[in-house]
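Here's the structure we're looking at; comments come further down.
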Amino acid sequence: MPATSVKMPWLSGGGRPDLRTVPEESPIALVYDGTTAAVVMATPADLTDFAIGFSLTEGVVRDRREVESLQIVPNSQGIELRMWLTAHRGRRFQKRQRRLVGPTGCGLCGIESLAEATRSFARLSRKITLRPNQIERAMDALSRGQTLNHATHATHAAGFYLPDDTLVTVREDVGRHNALDKLAGALAADEIAGQSGVILMTSRVSIELIQKTAAIGCPILVAISAPTALAVRAAEAYGITLVAVARGSAFEIFSHPDGIVR
């Protein structure tokens, strides 16, 4: 269940008790071939998408078919996403095993070397562009698609938008990295190529979001808040058009402005 109701002993203004809907948050363990590779705090919804998406964006697998089976196993302490990899991919995973144990959506917690924090990706080739007025329409569509956030006012969202003004899908989570991983899994399940559209985010843009966008193969990222300096440098290096501070008709372009055409 992604949300629940909690009692508030004091409601501002009236001074009376009330109920509020809040998002759930649970420890989620990602387990490959019997080995726990990561534990993150996440909203317990769309967990199949999360398992596959995390596996893809973190480079555990290169194709969703390299995950041969997946079990979602709740227990008293949280939820285990138990995955079994193909023999070849399993061997490669054991060679690069790392542990990521961290708070909500912490995309780089627990890595074992500085080199892992700045993964490199091949420069993306972009086949699509957006017009300026599409950025506002896309972010409006993303806002309307945030059903969990409308109920809780406490979750992030990641969406995938096509240049024909179609919002393909939206995924939500208490963690922005988790929301993007869930989106990656949803796109993989529907066999939608990342290069065909635009990723939309309701958060600031850190290096991890740029890396996951590159892993998805998406050439344009639009976000509601500002990027970090490292995220801008990575977007420039990976060939990603980074549009941020996208609010209403206003936006700022930080890299590869040719992705937005007048």
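The values are calculated or read from the model by the stated rules, or taken from the named source; none is laboratory data. The structure displayed is predicted, hence computed values, not measured ones. All Cβ positions, even for glycine, are placed from backbone atoms using ideal geometry, and neighbour counts span all protein chains on display. Please note that ligands, DNA and RNA were not included when accessible areas were found on the heavy atoms of the full protein model with its side chains. Shrake-Rupley method; radii C 1.70, N 1.55, O 1.52, S 1.80 Å.
The set of residues in region 138-152 that are in a helix (DSSP H, G or I), within 17 Å of ALA246 (Cα to Cα) and open to solvent by less than 30 Å² (accessible area, probe 1.4 Å) comprises ALA138, MET139, ALA141, LEU142. When GLU25 is tested against the conditions (1) among the acidic types (Asp, Glu); (2) more than 28 Å from VAL6 (Cα to Cα); (3) in contact (Cβ under 8 Å) with a residue 60 or more places away in the chain, the lone failure is (2). Residue count for region 245-262 satisfying the condition of being assigned to a strand (DSSP E or B), open to solvent by less than 80 Å² (accessible area, probe 1.4 Å) and out of contact with any strand residue (DSSP E or B) (no Cβ under 8 Å at 6 or more places or on another chain): 1.
In region 46-102, the qualifying residues are those that are farther than 17 Å from LEU187 by Cβ and hydroxyl-bearing (Ser, Thr, Tyr), and the one that is surrounded by the most Cβ atoms within 10 Å (Cβ to Cβ) is THR86. Taking region 153-166 as the range and being under 19 Å from the mean Cα position of the chain (by Cα) and either open to solvent by less than 30 Å² (accessible area, probe 1.4 Å) or in contact (Cβ under 8 Å) with a residue 24 or more places away in the chain (or both) as the test, the residues that pass are ALA154, THR155, HIS156, ALA157, ALA158, GLY159, PHE160, TYR161, LEU162. Taking region 99-137 as the range and being modelled with pLDDT of 95 or more, of a type in the set (Asp, Glu) and in a loop (DSSP other than H, G, I, E, B) as the test, no residue passes.
I'm trying to understand the selection: among the residues of region 187-244, which are in a helix (DSSP H, G or I), of a type in the set (S, T, N, Q) and within 24 Å of ASN149 (Cβ to Cβ)? Don't jump to the end; show me each part of the working.
Here is the first cut: in region 187-244, the ones in a helix (DSSP H, G or I) are 187-189, 194-196, 207-216, 229-238.
Add one more test, that the residue is of a type in the set (S, T, N, Q), and what stays is 195-196, 211, 213.
Hit for region 187-244 is THR213, nothing else.
When THR169 is tested against (1) β-branched (Val, Ile, Thr); (2) touching a residue at least 24 places away in the same chain (Cβ under 8 Å); (3) open to solvent by less than 40 Å² (accessible area, probe 1.4 Å); (4) not in a helix (DSSP H, G or I), only condition (2) is not met.
Among the conditions (1) open to solvent by less than 40 Å² (accessible area, probe 1.4 Å); (2) closer than 12 Å to ASN178 by Cα, the only one that THR35 does not satisfy is (2). Evaluation of VAL243 against the conditions (1) within 20 Å of the chain's Cα centre (by Cα); (2) modelled with pLDDT under 95 shows that the sole unmet condition is (2). So which residues in region 202-224 are open to solvent by 30 Å² or more (accessible area, probe 1.4 Å) and either closer than 18 Å to ALA122 by Cβ or over 15 Å from the mean Cα position of the chain (by Cα) (or both)? Once the filter is applied, which keeps residues that are open to solvent by 30 Å² or more (accessible area, probe 1.4 Å) and either closer than 18 Å to ALA122 by Cβ or over 15 Å from the mean Cα position of the chain (by Cα) (or both), region 202-224 yields ALA215, ILE216.
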